[in-house]
C-alpha cells in the first residue's frame, strides 16, 4: 500500500559510478533534509527529465537531481528550460549574477557542478533550452545561461532555442 | 459524377488521400452519394461542441443518434457539458452514439454549473484512451469518470479553481480499473495534493510512463514525489514546471 508523503523526505545522495569523480559537497545539501524536494531515487527507469525553471532560484532542480543514483542506468537526457522572462535583457542593465542575487547565483553554480558530475557519471546528454527565437535576445539568453551554468556551457555547449 | 466504372477500393483510396483536406472532402460528398460514407470517416473524426448552438445544429441535422456520423468520431471536445447531458437525457443515450471516441476533452469551467453530472459520460466510448479535463466540479465526479474508462491510458487534469466541495459523496466502483499507462498531466492552482491523493487511491494503481506536472509550493513537491514513487516501476519521462507564482524560496 502506498504511503502518503510526510514532512520528512528521505535524502538519497548521489552515488558515483566506479571511476567517476567523488561526490561534490554542495552548499545546499544539508538543507535538503529539511526542505521539501522531489525524490527521484525510486524512479530508476527514468530516461528523460525536463525541468522548466520560471525563476532564478534553481535549488529545487539541483535537489531533485541529487536524488539520481547509479541505479538510474537508463537515463539519457536532462533538459533545463531557462527562465526566459527572468534573465536580464541587456548585460549593461544587470548581470545574471546580480539578477539572481548571491543565493540564487550560488544555486546556479551548484546546479552547474551537479550537472557536470551527472554527465561524467552517467552517459547522458544535457540541454539548456530557451525560447528567445533567433534575434538579439538569443545571444543574450545564451550569454545569460552561459554565466549561470559556466562549466556546462564551456564543456558541452548545450544551449538551443526551442522554436 | 458517375463512378460505376471505378472499383470501391480506388474511390476509398482517393478519399483517404484527402483525409486532411476538409473542403475537398465536402466536395466529394457533393460529387456522389456513394462517396459519402468514406468521407464521413474523416469529416467527423474530430467534433467540437463548445456552445449550445453547435449542439442544436447537430441535433437538427442528425435527429437519429443511432444513424448519425458520431460513429466516426475519434476525438471529441465538449465545452458545454450541461447542454450535452441535457441532450443525452432528452434522447436517451445520445452521448453513447460517440462510441468510438479515443480522445475526449471536457471543459466544465466555462458554463460552470454545480449540477453538471458526468455520469452520462461514464464509459460512453469503450475505446477511450485519452481524457483531458479542465475541471471546476467536485473532483470525485472526475475520478468517477476516470474509473469508468477501462482502457484509459492518458489523463490530464487542469484546475483553475474548484467551486464546489471536493467530494460529493458518490464513489464509482469500477469492474475493471483504468490502465493509466501513458501520460499524466496536472496543472492545479489549488495544489497537487487533493488530486494526487485520489489518483494514488485508484484501484489498480498508476502505471504512467510520463508525468507532466506544474508545482506551486513546497507541499506540491512532496506530492510530486508521492506520484513518482507511485509509478516508479514504469516512469520513463519526468517533465516538471515551476509555476512563476510558486512560493518556494
Arrange the following residues from fewest to most other Cβ atoms within 10 Å of their Cβ: A:39, B:88.
-> B:88, A:39
Cα extents of the range B:180-249 along the three principal axes, largest first (Å) = 35, 22, 16
Can you pull the one-decimal nm distance between simple spin-label points at residue B:232 and residue B:8, each 7 Å off the Cα toward Cβ?
-> 5.5
Shape call for the range B:44-151 from the C-alpha gyration tensor, a ≥ b ≥ c root eigenvalues: rounded (a/c under 1.5), prolate (a/b greater than b/c) or oblate?
-> oblate
Mind giving me the FRET efficiency for residue A:155 and residue A:103? R0 is 41 Å, r the Cβ-Cβ distance, nearest 0.05 is fine.
-> 0.95
Label-point gap, in nm, between residue B:117 and residue B:67 - each point 7 angstrom along Cα→Cβ = 3.0
Here the relative contact order (percent) of chain B, from C-alpha pairs under 8 Å and at least 6 apart, is 11
Give, in nm to one decimal, the length gained when the segment between residue B:181 and residue B:132 is fully stretched (0.36 nm per residue of separation minus the Cα-Cα distance).
-> 16.2 nm
Mind checking the angle between helix B:22-31 and chain B's longest principal axis? C-alpha axes, 0 to 90 degrees, to the nearest 10.
-> 30
Within the range B:39-60, what residues put their amide N at less than 19 Å from the label point 7 Å along the Cα-to-Cβ vector of residue B:90?
-> B:48-60
Any idea what angle helix B:52-61 forms with the longest principal axis of chain B, computed on alpha-carbon atoms, 0 to 90 degrees, nearest 10?
-> 30
Under 13 Å from a label point 7 Å along Cα→Cβ of residue B:18: give me every residue in the range B:31-72 with its amide N that close.
-> B:31-43
Can you sort A:122, A:130 so the residue with the fewest Cβ neighbours within 10 Å comes first?
-> A:122, A:130
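Residue B:102 to residue B:51: extension gain in nm, 0.36 nm per residue of separation minus the Cα-Cα distance?
On the way: separation 51, 0.36 × 51 = 18.36 nm, distance 2.16 nm.
Contour length minus Cα-Cα distance gives 16.2 nm.
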Based on other C-beta atoms within 10 Å, arrange B:108, B:183 from fewest to most.
-> B:183, B:108
Relative to the first principal axis of the alpha-carbon coordinates of chain B, what is the inclination of helix B:81-91, with its axis defined by its Cα atoms, in degrees from 0 to 90 and to the nearest 10?
-> 50
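From the square roots a ≥ b ≥ c of the eigenvalues of the alpha-carbon gyration tensor of chain B, which class results: rounded (a/c under 1.5), prolate (a/b over b/c), or oblate? The partial results should precede the final answer.
Working: a/c = 2.32, a/b = 1.82, b/c = 1.28.
Note, shape of chain B comes out prolate.
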For the residue pair residue A:70 and residue B:26, what label-to-label distance in nm results when each label sits 7 Å from Cα along the Cα-to-beta-carbon direction?
-> 6.5
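Read-outs throughout are calculated quantities, based only on the coordinates presented, and are distinct from any laboratory measurement. Keep in mind it's a predicted model, so treat the numbers as computed, not measured. Methodologically, a virtual Cβ is constructed for each residue, glycine included, from the backbone with ideal geometry; neighbour enumeration extends over all protein chains shown.
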